Amino acid sequence: MADRVFMSNHPLILHKLALIRSAGTEFKKFRELLREIAMLLGYEATRDLALRETRVITPLAETKGFELAEKIGLVPILRAGLGMVEGIWELMPSAEVWHIGIYRDHKTLQPVQYYNKLPVSPTVQVCLVLDPMLATGGSAVATVNVLKAWGTRRIKFVGVIAAPEGLRALITAHPDVDIHIAAVDDHLTPPPASPSDPPEGYIVPGLGDAGDRQFGTG
Ligand code: PRP
Ligand code: URA
């Protein structure tokens, strides 16, 4: 695996991953699990954030302390990335949240951007792109393209499940982006041969449609 891919083996993440994958997990529980997994992955993904030294006065003495030196942006890809915001935001309440709206065209599987309100100049130095599913990789690659064009210096992708195809696509297009995930699954579904087959481009075993499962649609 490329040295910028960080696959968590944290027991809490792996335990929650099995629960979120389960078809029997209803959508309230799905959202809770996604929030919790995102928080744990976010903790790991922020391990190397830059710090600057400060002074702090305790009730007893003055001492050395630290504060985050860089402005962080959380960038959820709508819709499914929304469920990852709260958990990580709790860890870093000073982070800005910038939404990018992208959906996959059902026929071509190509990403279609429909929402982007980034201001002209970048307001953050580090962006964490949030999306639970890295399938073909098209949505993640398109989002990183947008953030680089915006002028973001450092970008990390934080997801839950990747397909090998998506991982390859993101590493190839953006070898400078760290990728934090909980699992790399087996393959993507091929084009359906019969009406009872699942649609093309879903991660197997995966967890199904992450947007539908958290918002109760589909
Ligand atoms: C899902 C998912 C990712 C994308 C991954 O979004 O949340 O954004 O697919 O697929 P890719 O790696 O092949 O681009 P979807 O297109 O279903 O949009 P939605 O969350 O709005 O339903
Ligand atoms: N998007 C999802 O929500 N699930 C997949 O398996 C692939 C793309």
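The values are calculated or read from the model by the stated rules, or taken from the named source; none is laboratory data. In this text the structure is predicted, and so the values were computed from the model without any measurement. Cβ sites come from the backbone with ideal geometry, for glycine too, and all protein chains shown count toward neighbours. What goes into the accessible areas is simple: the full protein's heavy atoms, side chains included, and nothing from ligands, DNA or RNA. Shrake-Rupley method; radii C 1.70, N 1.55, O 1.52, S 1.80 Å.
A few points about this structure:
- With contributions of -39500 (n - 2.57) from each DSSP H run of at least four residues, the per-residue ellipticity at 222 nm computed over the chain stands at -9000 deg cm²/dmol.
- Accessible area per residue was computed with a 1.4 Å probe on protein heavy atoms; residue 53 scores about 120 Å².
- For the stretch 146-209 versus the stretch 89-105, the gap between their alpha-carbon centres in whole angstrom: 17
- Calculated from the alpha-carbon coordinates, the chain shows an Rg and a Dmax of 18.1, 72 Å respectively.
- Kirkwood's formula applied to the C-alpha pairs of the stretch 15-143 gives a hydrodynamic radius of 16.7 angstrom.
- Fraction of accessible area attributable to carbon and sulfur, the chain (%, probe 1.4 Å): 58
- Each DSSP beta bridge with both residues in the chain is either parallel or antiparallel, and the antiparallel ones are about 35%.
- Within the stretch 103-190, the trypsin sites (Lys or Arg not before Pro) that combine a DSSP coil assignment with at most 10 other C-beta atoms in a 10 angstrom radius are 107, 117.
- Only Lys, Arg, Asp and Glu carry charge here, each on its Cβ (+1 for the first two, -1 for the last two); on that basis the stretch 1-102 has a dipole of about 300 debye about its Cα centre.
- Cα-based helix-to-principal-axis angle, 11-21 vs the chain, degrees rounded to 10: 30
- Accessible area expressed per residue, the stretch 126-193, with surrounding protein chains retained (probe 1.4 Å, Å²): 32
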